[in-house]
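The values are calculated or read from the model by the stated rules, or taken from the named source; none is laboratory data. All values derive from a computational prediction rather than experimental measurement. Glycine gets a Cβ as well: all are built from the backbone with ideal geometry, and neighbour counts include every protein chain shown.
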Amino acid sequence: MPNTTDLFAWLDTCPTPYHVSQMAARVLADKGFIRVTELASDLPADGYILRDGSIHVWRQAERDSTKFMVIGAHTDSPNLRLKPVPDIERLGWQQLSVEIYGGVLLNSWLDRDLGMAGRVMLADGRTKLFLSDSALARIPQLAIHLDRDVNEKGLQLDRQQHLAPVWGTSQKYSFATWLADQVKCSPTDIAGFDAHLFDITKATLLGADSSLIASGRLDNQVSCWAGITALAQSPRQENKTVVVSLFDHEETGSQSATGAAGPVLEQLLEALSINQGLSRVQHFDRLAASLCISADNAHAVHPNYPERHDAQHAPSVNGGPVIKVNANHRYATTSLGHAHVKTIAQKTGIPLQVFASRNNMPCGSTIGPIAATRLGIDTVDIGIPQLSMHSARELCGANDPSELVRFLSALIVS
Ligand code: ZN
């Protein structure tokens, strides 16, 4: 049975992108990576830049770096987030006003015990993370007696009317009072906040044979964990600088300062080239020789819905990492990149699978095409197969996360 201790600790303590970037920083600091707050001409050999819910990590080449290898993943997952003025009182209930972030499978958030996590900006300029994983809130589903044909007609949810969670029946707590308690300050000290709801159920092995993992946010924290783990345990390469970029806001299109469409990765790569004494033209040459792995989960074939997959391109859980291909470039994989990673997988004895969507079913996308467009680096979209993508609780194979680490490690040293 694979060792899931580190992965589960990561999943259980990272309900928001801010917690993911902090967790990655903690793992890296233990391995001697040095945090820098701005790009400079004397970057450490092993370092990282943390900005909000994103983190960019590098391990510079031993000498004569001729190429980069970039591993990209995203720290965010679809969820429910509090609006700036969240307190609602209705019919004796205390409720919270929420916004829907990304492509949430809304039904999966009903009748779950929800915790809350995020960050608070204090009036004195400090930012504090908070995480409350006790049963704090719940979105109660309407009883079947009051919605008789819900099973036949399907659940209809009005996104404004039906998703406000209840979190009490007394007027004792305003949200500001509760939040101030979390970070041990006075409500008047709070200048701003980001507060996300999450299912408090911990990650667990599942199945009579314990061959599955059930958890929230497998998409895409498995890739974040795998990328950081692979880099932290890999030896320094003689002529390859390895970068792991964990971006925020992929689930809403990556258009933000900390998303894959933002400038930080591009700026970091150029700064690393300058650090190694390269000219701008040499930097461009180096980009052209580089490889980017866009790591994000893939759709495993569902036993109850096999018709939703192209039969030739239907990955199985515990079947190994999946290469995602799309002729319309919703995934960035080129045949050149595909061939390259396939050869390495074969040499290392790692089984690979391939996903292409049905022609009558549009596929999702990843940070891959965005990174490829911005950087001009040959990119391959890779991810572990999973079910229930964008549910509050997702499902993947127990062997696949460690296989992804093994594969990324093999690519780093190739
Ligand atoms: Zn994803």
Hey, among the residues in segment 38-93 that are within 16 Å of the ligand (Cβ to nearest atom) and polar (S, T, N, Q), which one's nearest to Ala392 (Cα to Cα)?
Asn79
Would you check which residues across segment 208-217 are more than 14 Å from the chain's Cα centre (by Cα) and in contact (Cβ under 8 Å) with a residue 40 or more places away in the chain and list them?
Ser210, Ser211, Leu212, Ile213, Ala214
Filtering segment 97-128 down to residues that are surrounded by 14 or more Cβ atoms within 10 Å (Cβ to Cβ), among the aliphatic types (A, V, I, L, M) and touching a helix residue (DSSP H, G or I) at 6+ places or on another chain (Cβ under 7 Å) yields Ala117, Val120, Leu122
Can you tell me which of Arg236, Arg308 is charged (D, E, K, R), free of Cβ contacts under 8 Å to residues at least 60 places away in the same chain and farther than 21 Å from Asp378 by Cβ?
Arg308
Condition first: at pLDDT 95 or above, assigned to a helix (DSSP H, G or I) and either among the β-branched types (Val, Ile, Thr) or within 21 Å of Ser77 (Cα to Cα) (or both). Can you find one or more residues in segment 313-334 that meet it?
no
Close pairs from segment 348-377: first touching a residue at least 40 places away in the same chain (Cβ under 8 Å) and hydroxyl-bearing (Ser, Thr, Tyr), partner assigned to a helix (DSSP H, G or I) and within 15 Å of the ligand (Cβ to nearest atom), Cβ under 9 Å, at least 6 apart
Thr366/Asn220; Thr366/Glu250
Could you please let me know if Ala314 is more than 16 Å from the ligand (Cβ to nearest atom), within 19 Å of Asn399 (Cα to Cα) and among the aliphatic types (A, V, I, L, M)?
yes
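This table checks each residue for (1) assigned by TED's automatic domain parsing to the domain that holds Leu11; (2) more than 16 Å from the ligand (Cβ to nearest atom).
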{"position": "Leu205", "(1), (2)": "no, yes"}
{"position": "Asp209", "(1), (2)": "no, yes"}
{"position": "Gly227", "(1), (2)": "yes, no"}
{"position": "Ser256", "(1), (2)": "yes, no"}
{"position": "Gln267", "(1), (2)": "yes, yes"}
{"position": "Ala271", "(1), (2)": "yes, yes"}
{"position": "Gln276", "(1), (2)": "yes, yes"}
{"position": "Asp285", "(1), (2)": "yes, yes"}
{"position": "Leu291", "(1), (2)": "yes, yes"}
Which strands (runs of 3 or more DSSP E) sit wholly inside segment 92-147 and have at least 2 residues that are over 15 Å from Leu197 (Cβ atoms)?
114-122, 127-137
Of the residues Asp64, Asp46, Asp76, which single one is of a type in the set (Asp, Glu) and on the phi > 0 side of the Ramachandran plot?
Asp64
Residue within segment 258-265 that is within 16 Å of the ligand (Cβ to nearest atom) and among the hydroxyl-bearing types (Ser, Thr, Tyr) present
yes
If you scan segment 339-392, which residues turn out to be within 16 Å of the ligand (Cβ to nearest atom), more than 20 Å from the chain's Cα centre (by Cα) and at pLDDT 90 or above?
Ser357
Condition check for Ile344: touching a Cys at 6+ places or on another chain (Cβ under 6 Å), more than 23 Å from Gln221 (Cβ to Cβ) and either without any contact (Cβ under 8 Å) to a residue 40 or more places away in the chain or not small (Gly, Ala, Ser) (or both):
no
Can you list residue pairs whose Cβ atoms sit under 8 Å apart, with the first residue in segment 1-18 being among the charged types (D, E, K, R) and the second being surrounded by 15 or more Cβ atoms within 10 Å (Cβ to Cβ) and part of a helix (DSSP H, G or I)? Count only pairs 6 or more apart in sequence or on different chains.
Asp6/Trp225; Asp6/Thr229
Taking segment 295-311, which residues are within 16 Å of the ligand (Cβ to nearest atom) and either acidic (Asp, Glu) or assigned to a loop (DSSP other than H, G, I, E, B) (or both)?
Asp296, Asn297, Ala300
When restricted to Asp194, Asp189, Asp181, Asp248, the only residue closer than 24 Å to Lys128 by Cα, within 16 Å of the ligand (Cβ to nearest atom) and either out of contact with any Phe, Trp or Tyr (no Cβ under 7 Å at 6 or more places or on another chain) or acidic (Asp, Glu) (or both) is Asp248
For segment 343-365, enumerate the residues that are out of contact with any helix residue (DSSP H, G or I) (no Cβ under 7 Å at 6 or more places or on another chain) and surrounded by 16 or more Cβ atoms within 10 Å (Cβ to Cβ).
Gln353, Ser357, Cys363, Gly364, Ser365
Does segment 79-88 contain any residue that is basic (Lys, Arg), in contact (Cβ under 8 Å) with a residue 24 or more places away in the chain and surrounded by fewer than 21 Cβ atoms within 10 Å (Cβ to Cβ)?
yes
Report, by residue number, each residue of segment 218-242 that is in a helix (DSSP H, G or I) and more than 19 Å from the chain's Cα centre (by Cα).
Gln233
